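Chemist: Following this message is one structure expressed as C-alpha cells.
The values are calculated or read from the model by the stated rules, or taken from the named source; none is laboratory data. From a predicted model like this one, the values you see are computed outputs, not experimental measurements. Note that each Cβ is placed from the backbone with ideal geometry, even for glycine, and that neighbours are counted across all protein chains shown. Surface areas here come from the heavy atoms of the whole protein model, side chains and all, with no ligands, DNA or RNA. Shrake-Rupley method; radii C 1.70, N 1.55, O 1.52, S 1.80 Å.
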Amino acid sequence: MSRGSPQLLVIDEDPAIRLYLRRSFTAAGYRVTEVAHGRTALRRVVDRAPDLLILDLDLPDVDGFEVIHTLREVSPTLPIVALSVRDDEDTTIAALDGGADDFVRKPFGIRELTARVRSALRRAVRSRGQTPVFVSGDLTVDLVQRRVHVGDSGVRLSTIEYEVLRLLVEKAGKVLRHREILETVWGAARADRIQYLRVAICALRRKIEKDPAHPQYIMTESRAGYRMRPPEGGHIRKTVRRQRQSATDERRSS
C-alpha cells in the first residue's frame, strides 16, 4: 500500500455516484480520487499508484471489462471492485473471471461496499506477505481499518502521526533512518526537517507508551533513526484465539 491512508480510485460516469463515494470513503478515512472515463483511469493508475479501484463496468468511452484486462497487464495485484447495474449471473462471472476481485450490483449499500473494499485491501496486504493487524505487547495497529489500540483503549492519532507509525509498523524490527521517514511521510522537499520527525515521535510516544521516557515500542537508534519493536508470536496467537472465540460465541448466540 501507499503511505498514509489507503488511496482509492473511483471510476464512474455518474457524477452523483462519484460524489457520494468520495464523501463516504473520505469520511471513513480513505483518500479518494475520482474520474469518469476508463482511459483517464488507466493513466491515473500509472501516475498515482492507487491502493484499490472501484470500477463501474458501464463506462462511456471504454468497456469496463477491457479496462480490467488492461489493468491486469500493468498491475496484476491491484485490487479491483467492479460495479454494475446489470444483475445477471453472466456479468458477475465475466467480471470475476476477467480479473476483478469482487463484484457489487447497483444500487448498493455503502456499508456493504465499504466492507468489500476492506476485505479486498486485506487480501492485498496478505499477498505482499504483510500482516493486516500488527500486535506487539499491548499495542495493536489495524493497517486496513487504520485503528490503533493500546490494550482495550482506542488511540486517536493525527494523519502525520499515523503515517509515521504505519511506516514503522510495516518495517518493524528494522532501523529506519531519519531521512527515509521524512521523505516518505513529508516528501523529499522536507527531508532535512528532522524536528518535524522528532515532534511526531514525541507525540506518538505520549499516546502509545506507558512511560514515554522509557519507550517499549518506538526505539531510538542513536545517530541513525528509529525502530519499531517487532511483533511477538505469543501475542499474535492470543489475538487469533480471541478472534476465533469471539466468532464461536457469535455463532452460538445466533
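Chemist: State the extension gain, in nm to one decimal, for the chain segment bounded by ARG123 and ARG105, taking 0.36 nm per residue of separation less the distance between their alpha-carbons.
Modeler: Gain on extension, ARG123 to ARG105, equals 4.4 nm.
Chemist: Take every Cα-Cα distance within the range 1-150, group them into 5 Å bins from 0 onward, and report for each bin the whole-number percent of pairs it holds.
Modeler: For the range 1-150, the binned pair fractions read 2, 9, 19, 23, 21, 13, 6, 3, 2, 1, 0 percent.
Chemist: To continue, here is another question. Along the Cα→Cβ direction, 7 angstrom out, place labels at ILE93 and GLU180. What is the inter-label distance in nm?
Modeler: A separation of 4.8 nm, rounded to one decimal place.
Chemist: Suppose all protein chains stay in the model; what accessible area per residue would a 1.4 Å probe give for the chain, in Å²?
Modeler: I get 54 Å² per residue for this part.
Chemist: Please list 3J(HN,Hα) in residue order for the range 170-180, calculated via the Karplus relation 6.51 cos²θ - 1.76 cosθ + 1.60 where θ = phi - 60°; whole Hz, with x for glycine and proline.
Modeler: 5, 10, 4, x, 9, 7, 9, 6, 3, 5, 4
Chemist: Any chance you could check the Cα centroid distance between the range 5-64 and the range 99-113 for me, in angstrom?
Modeler: 13 Å
Chemist: Please list, by residue number, every one of the chymotrypsin sites (Phe, Trp or Tyr not before Pro) in the range 3-47 that is coil in DSSP and has at most 12 other beta-carbon atoms within 10 Å.
Modeler: Numbers: sites: TYR20, PHE25, TYR30; in loops: TYR30.
Qualifying residues, ordered by number: none.
Chemist: Still on this structure, I have one more. Using a 1.4 Å probe over the heavy atoms of the protein chains, calculate the carbon and sulfur portion of the accessible area of the range 1-87 as a whole percent.
Modeler: Reported share for carbon and sulfur atoms: 49 percent.
Chemist: Pull up the DSSP beta bridges for the chain and report the antiparallel fraction as a percent, rounded to 5.
Modeler: Among the beta bridges of the chain, antiparallel pairing accounts for roughly 50 percent.
Chemist: Just for the range 83-173, what percent of DSSP beta bridges are antiparallel, to the closest 5?
Modeler: 85 percent
Chemist: Number of Lys pairs in the chain with C-alpha atoms less than 25 angstrom apart, excluding same-chain neighbours closer than eight positions?
Modeler: For the chain, the number of qualifying lysine pairs is 8.
Chemist: Can you tell me the relative contact order of the chain? Whole percent, Cα pairs under 8 Å, sequence separation 6 or more.
Modeler: Values: 364 pairs, mean separation 35.1, N = 254.
Computed over the chain, the figure is 14 percent.
Chemist: What are the residues whose amide H is under 5 Å from the amide H of VAL10, where those residues sit 5 or more places off or on another chain and H is modelled from the backbone?
Modeler: The list, which skips near neighbours in sequence, is THR33, GLU34, VAL35, ILE54.
Chemist: Follow-up question, since we're still on this one. Roughly how many nanometres apart are two label points built 7 Å out from the Cα toward the Cβ at VAL62 and ASP152?
Modeler: About 5.1 nm, to one decimal.
Chemist: If you take the beta carbon distance between ALA16 and ASP47 as r and set R0 to 25 Å, what does 1/(1 + (r/R0)^6) give as a FRET efficiency, to the nearest 0.05?
Modeler: Efficiency at R0 = 25 Å is approximately 0.45.
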